[in-house]
Number of protein chains: 2
Amino acid sequence: MADLGHAARTDPPVVYADVEAAAARLDGVSNRTPVLTSRFVDERVGGRVFFKCENFQRAGAFKFRGAYNALSRLSNEQRERGVLAYSSGNHAQAVALAGRLLRVSTTIVMPGDAPEVKLAATRGYGAEVVEYDRTETTREELGARISQERDLSLIPPYDHPDIIAGQGTTARELFEEVGQLDLLLVCCGGGGLLSGCAIAVRTLSPGCRIVGVEPERANDATRSFRTKKLHTIDNPDTIADGVRTPSLGRLTFPLVLRHVDEMVTVAEDAILHAMFLLWERMKVVVEPTGALAAAALFEGAIEASGARVGVIVSGGNVDLKRIGALLP
Amino acid sequence: MADLGHAARTDPPVVYADVEAAAARLDGVSNRTPVLTSRFVDERVGGRVFFKCENFQRAGAFKFRGAYNALSRLSNEQRERGVLAYSSGNHAQAVALAGRLLRVSTTIVMPGDAPEVKLAATRGYGAEVVEYDRTETTREELGARISQERDLSLIPPYDHPDIIAGQGTTARELFEEVGQLDLLLVCCGGGGLLSGCAIAVRTLSPGCRIVGVEPERANDATRSFRTKKLHTIDNPDTIADGVRTPSLGRLTFPLVLRHVDEMVTVAEDAILHAMFLLWERMKVVVEPTGALAAAALFEGAIEASGARVGVIVSGGNVDLKRIGALLP
């Protein structure tokens, strides 16, 4: 497996200057996504809430920021050889799209039983999709083998400095648009978005509390945060498919410990309730993971009365048919 | 029934100066709704498409513009007596909200079997809802009786100069944001939005073709436009519940004849297809009526290749449960 070309860095692995540099690379390429507000939500919460809507990002989720930033940083030689990612979700489409834009060939390892719409979307961006049988191999094994055989650079979904810095541009844009905040709520799977945003908070709005949000059923990061020991949950059974990652990463765990103020969890029904509330009242299609941070706010898991609150809506890629079946 | 206080006007009943005046009244009150674009749609259509998203308007639809403008124009005496509207849809909520903001008491006549969510939303804005039994009376009869008894001003849903001028501010904002267009697509029920926007087009983008869009099953305005004789369809059976109006109005019909370039129709399945495409690809929740103009574009009912095209997305008030059942 080819190395992405980074020399070993001194701690910390990502600083705010990296987020700035990522923002410059993304300028004119990623969507500057809208910040929406809702009188209904403000009245309900008793604060002023700003939703940073990454469901309007290219390929439908914040993942494009990190993927494009990472691919931009490859050497010419690495670009010519191509990249590989394994993901059945938003990272797959993000890498495929970034590859198309940067003329880097992309190979995506996906389970053969992934939703047809996701396989088609990833191929639609020009990626070569390698399907595998979940009963015969793991994506890590297969991904490692293919990337070694073909000398491809692996683009990990979260645990890489360029990915983290790219995701941090989400919070940077939010502060640019609305100024300082009292509280920022960010969903947490592998911790790429959360740690990237936390780095931006510490420079751009130092007084802002940053809180990570997880499903109760996938509370590995919350437990890791509280105990300062890495916890792992394999295949957590949550509707929020974007945060079914087993644990924080080698880089993201210390960054979360260092910069994040608190971690909270929300129940499955609260996630669905928040998601449909965003659909019905704010008219935006968000995926379950995209509603995690809002769910913590609506459930009162965090006190927000009188506060200026940022909420990252991470993505909006849903299979309408599947989601429709979950309507209350 | 109290008159709204307009002296008889010479033809035409609404001119662009009325739209300007309405915009000044709405300034800081109505939402300046976002204009969204989609690379996916642009590639598919072969043009540049600008979606003016009135689903993000207050109370979820463009109707707030006309209702607030009309209530703003009442005399102090009329405001003290209050207003009445009959509607089971977006006009009801729009009048109720405008009344709350302007401290005018509102009475809304709605069928007792209207969706509970709509009754609750209208009451939530502070309106007195008078329910009636569809088998015993019509809303027109009941509305006329109550407004006469209580000396209330009737706020009609479309056939009034202040309503038309208010709806025209939608197109005005779109041109302010994106400049001149080659084509503007607007859904058509009673013709308030269409004629208001057409008036704005003639001043702000004179070379722009303006096209009204109806469901095939509710093609009264298309037939009226083509034959220059008013056609009526009672209770048309279309999923686009916002355009189940029987015909154009006394004011809107001549305005449509005068200013609109063409009328086209779309089939029911094309409306649903366009609606879910907007949900899935653009991540916006629109109601069936809100997808009418987009449906004409996606179906190729109007040639748009190489053109700069405006599409009015009229609203986003859906009963998710009911819509979920329609998923393909």
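The values are calculated or read from the model by the stated rules, or taken from the named source; none is laboratory data. A quick note: this is a predicted structure, and the numbers were derived from the prediction, not measured. Cβ coordinates were reconstructed from backbone atoms using ideal geometry, including for glycine residues, and neighbour counts include every protein chain displayed. The protein model used for the area step is the full one, side chains on, heavy atoms only, and it has no ligands, DNA or RNA in it. Shrake-Rupley method; radii C 1.70, N 1.55, O 1.52, S 1.80 Å.
Convex hull volume of the Cα atoms in chain A, per residue, in Å³? Could you put the intermediate results ahead of the total?
Values: hull volume 40.0 nm³, N = 328.
Given the Cα convex hull of chain A, per-residue volume reads 122 Å³.
Expressed as an acute angle from 0 to 90° and rounded to the nearest 10, what is the orientation of the C-alpha long axis of helix B:90-102 relative to the principal long axis of chain B?
60 degrees
Give me the mean projected area, in nm² to one decimal, of the convex hull enclosing the Cα positions of the stretch B:64-154. It would help to have the intermediate numbers written out before the result.
Details: hull surface 20.6 nm².
The number I arrive at for the stretch B:64-154 is 5.2 nm².
Name the residue, out of B:GLU80, B:GLU214, B:GLU268, whose mean-square fluctuation peaks in a Gaussian network model built on chain B with Cα pairs under 10 Å.
B:GLU80
Please turn the phi angles of the stretch B:231-244 into ³J(HN,Hα) values with the Karplus equation 6.51 cos²θ - 1.76 cosθ + 1.60 (θ = phi - 60°), one per residue in order, whole Hz, x for glycine and proline.
Computed from phi, the couplings for the stretch B:231-244 are 9, 10, 10, 7, 6, x, 8, 10, 5, 7, 5, x, 10, 8 Hz.
If you put a point 7 Å past Cα along the Cβ direction, how far is that point for B:VAL178 from the same point in each other copy, in nm, smallest first?
Copy-to-copy label distances at B:VAL178, shortest first: 2.7 nm.
With only Lys, Arg, Asp and Glu charged, each at its Cβ (+1 for the first two, -1 for the last two), find how big the charge dipole of the stretch B:62-114 is about the Cα centre; round to the nearest 20 debye.
Values: 7 positive and 3 negative charges, 46 e Å.
With only Lys, Arg, Asp and Glu charged at Cβ, the dipole is about 220 debye.
What is the distance in Å between the Cα centroid of the stretch B:268-328 and that of the stretch B:19-78?
Taking the Cα centre of the stretch B:19-78 as reference, the centre of the stretch B:268-328 is 17 Å away.
Using the Karplus curve 6.51 cos²θ - 1.76 cosθ + 1.60 with θ = phi - 60°, what ³J(HN,Hα) values do you get for each residue of the stretch B:115-123, in whole Hz, with x for Gly and Pro?
Each residue of the stretch B:115-123 in turn: x, 3, 5, 6, 4, 5, 5, 5, 5 Hz.
According to a simple spin-label model (label point 7 Å from Cα along Cα-to-Cβ), what is the distance in nm between B:VAL15 and B:THR203?
0.9 nm
Once the whole set of protein chains is in place, how much accessible area is left on A:LYS283, using a 1.4 Å probe, in Å² to the nearest 10?
10 Å²
Put +1 on the Cβ of every Lys and Arg and -1 on every Asp and Glu Cβ in the stretch A:64-154; which of A:THR138, A:GLY124, A:LEU97 then has its Cα farthest towards the positive end of the dipole?
Highest projection toward the positive end goes to A:LEU97.
Taking chain A as a Gaussian network, where each spring joins two C-alpha atoms under 10 Å apart, which residue of A:THR245, A:THR138, A:THR170 fluctuates the most?
Most flexible of the set in this elastic network: A:THR138.
Between A:ASP261 and the same site in the other copies, what are the distances in nm, shortest first, taking label points 7 Å from Cα along the C-beta direction?
Counterpart label points of A:ASP261 in the remaining copies fall at 5.4 nm.
Springs between alpha-carbon atoms under 10 Å, Gaussian network over chain A: tell me which of A:PHE253, A:PHE40, A:PHE175 tops the mean-square fluctuations.
Highest fluctuation of the listed residues: A:PHE40.
Cα axis of helix B:63-72 to longest principal axis of chain B: angle in degrees, 0 to 90, nearest 10?
Value to nearest ten degrees: 40.
Using only helices, what value at 222 nm comes out for chain A when you add -39,500 (n - 2.57) per DSSP H run of length 4 or more and divide by the total residues, to the nearest 500 deg cm²/dmol? Before the final figure, lay out each step's value.
Details: 14 runs with 142 residues, N = 328.
It lands at -13000 deg cm²/dmol.
By its C-alpha gyration tensor, with a ≥ b ≥ c as the square roots of the eigenvalues, how is the stretch B:146-232 shaped: rounded for a/c under 1.5, else prolate for a/b larger than b/c, else oblate? The partial results should precede the final answer.
Numbers: a/c = 2.80, a/b = 1.34, b/c = 2.08.
It comes out oblate by the Cα gyration axes.
On a 0 to 90 degree scale, rounded to 10, what angle separates helix B:139-150 from the longest Cα axis of chain B?
The answer is roughly 40 degrees.
Amide H to amide H, which residues 5 or more places from B:VAL266 or on other chains are under 5 Å from it, using H placed in the peptide plane?
Excluding prolines and chain starts, which carry no amide H, the hits are B:GLU214, B:GLU216.
Once you have the Kirkwood Rh of the stretch A:225-328 from its Cα pairs, apply Stokes-Einstein at 10 °C and 1.306 mPa s and quote D in µm²/s. Let's see the in-between values first.
Details: Rh = 15.1 Å.
The diffusion coefficient I find is 105 µm²/s.
Considering the rotational relationship between chains B and A, which residue of chain B contributes the beta-carbon of minimal distance to the axis, and what is that distance to the nearest Å?
B:GLY324, 2
How many nanometers, to one decimal and shortest first, lie between the label point of A:ASP27 and those of its other copies, if labels sit 7 Å from Cα toward Cβ?
Those separations, rounded to one decimal, come out as 3.3 nm.
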